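Read the structure below first, then the notes.
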Amino acid sequence: MSCNLACALRQGTQHAHVLAENTALMKAWMKGMVALDAFRELLVNLYFVYGSLEQQLYSHQTHPVLGQIYWPSLNRQDNLRQDLVYFYGQDWQQHIRPRTAGLQYAARIGVVGLTAPERLVAHAYVRYMGDLSGGQQLQRIARTALSLPLKQGTRLYDFEDLPSVEAKKRFKQRYRDALNHLPIGPETVQQIVEEANLAFRLTCDLMQSLEADLQAALGEEAFQSILQGNRPPLHPARPSVA
Ligand code: HEM
């Protein structure tokens with residue numbers, strides 16, 4: 001059976017996804033151990049990552065490939081700005097500084113936009129499909145762990161146009177259909193899968209750069225116990241999306 005782009009991305013990043021799920025930050029988060037400092041620092045860095053991505057997607061909106069997966073309602077940077085106002089106050093811009101890992105991730109997206117724009121498909125896929133999938137679970141856990149007030153602090157994961165689980169599910173299918181109809185050949189499919197793996201790696205680098213904050217918040221013993229024992233993959237046999 002042939003594997004279209006959605007299928008190639010899912011299968012081709014399965015291992016990278018398991019590695020991401022098994023970073024200390026994600027494992028602790030899934031256990032309800034969300035360290036405030038690490039969490040808000042993650043948002044700071046993602047603000048720069050999405051800024052770069054959304055600027056590139058905006059400038060390529062008439063590109064024959066990228067135009068097919070351009071949904072401005074997916075944009076996260078403004079929602080992230082609201083989260084940063086919540087966590088750092090109205091003068092948030094004076095209190096935030098991206099980490100090297102965040103800047104490298106954002107810079108890679110910029111380079112790809114200039115040199116190989118089709119590869120931006122990979123960055124959009126990894127971020128938006130991730131936010132619409134595991135991100136929703138992470139949001140629920142973070143809201144409880146940090147006792148956040150209604151609608152504050154996790155706007156990153158709020159998709160106003162897709163308010164229900166069903167709406168998100170339908171949209172993800174629409175996104176996969178769009179991926180499968182992109183006017184690209186097998187070589188570009190391979191390049192996009194390769195870039196998606198890089199996007200996962202850059203995400204892991206970012207999460208690892210926040211481990212010192214996590215360790216400080218949890219204490220050495222709890223942190224070490226998180227590091228031991230991998231999470232089983234959440235979707236050991238992810239169904240084919242062909
Ligand atoms: C512990 C953390 C995570 C959990 C629990 C999780 C969970 C999931 C689940 C259950 C799905 C399948 C959803 C579906 O088929 O509708 C999924 C898909 C996905 N996740 Fe994660 N995830 C996590 C971390 C991440 C991270 C860090 C990223 C990268 C930024 C990511 C990116 C993706 C992507 C791109 C998909 C779409 C796969 C596809 O259908 O092609 N996930 N995730």
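The values are calculated or read from the model by the stated rules, or taken from the named source; none is laboratory data. Quantities reported herein were computed from a predicted structural model and do not represent experimental measurements. We place every Cβ from the backbone using ideal geometry, glycine too, and count neighbours over all the protein chains shown. Areas reflect the complete protein model, heavy atoms only, side chains present, ligands, DNA and RNA absent. Shrake-Rupley method; radii C 1.70, N 1.55, O 1.52, S 1.80 Å.
When Gly110 is tested against (1) within 16 Å of the ligand (Cβ to nearest atom); (2) surrounded by fewer than 17 Cβ atoms within 10 Å (Cβ to Cβ), just one condition goes unmet, and that condition is (1). Exactly one residue out of Leu74, Leu46 is within 16 Å of the ligand (Cβ to nearest atom), farther than 26 Å from Asp177 by Cα and open to solvent by less than 20 Å² (accessible area, probe 1.4 Å), and it is Leu46. Determine whether Ala142 is touching a Gly at 6+ places or on another chain (Cβ under 9 Å), in a helix (DSSP H, G or I) and within 14 Å of the ligand (Cβ to nearest atom). Taking the combined requirement at face value, the residue satisfies it.
Of all residues in region 179-190, those being buried (at least 17 other Cβ atoms within 10 Å of the Cβ), away from the ligand (no atom under 11 Å from the Cβ) and not β-branched (Val, Ile, Thr) number 1.
Being hydrophobic (A, V, I, L, M, F, W, C), in contact (Cβ under 8 Å) with a residue 24 or more places away in the chain and open to solvent by 60 Å² or more (accessible area, probe 1.4 Å) is a property that does not hold for Leu132.
Among the residues of region 1-24, those identified as open to solvent by less than 10 Å² (accessible area, probe 1.4 Å), within 9 Å of the ligand (Cβ to nearest atom), part of a helix (DSSP H, G or I) and in contact with a helix residue (DSSP H, G or I) (Cβ under 7 Å, 6 or more places away or on another chain) are Ala6, Leu9. One residue stands out among those in region 147-156 that are surrounded by 16 or more Cβ atoms within 10 Å (Cβ to Cβ) and not charged (D, E, K, R): the one that is nearest to the chain's Cα centre (by Cα), which is Leu156. What about Glu118, is it of a type in the set (Asp, Glu) and surrounded by 16 or more Cβ atoms within 10 Å (Cβ to Cβ)? Yes. On inspection, Arg176 fails the criterion of being without any contact (Cβ under 8 Å) to a residue 12 or more places away in the chain, within 16 Å of the ligand (Cβ to nearest atom) and more than 26 Å from Leu36 (Cα to Cα).
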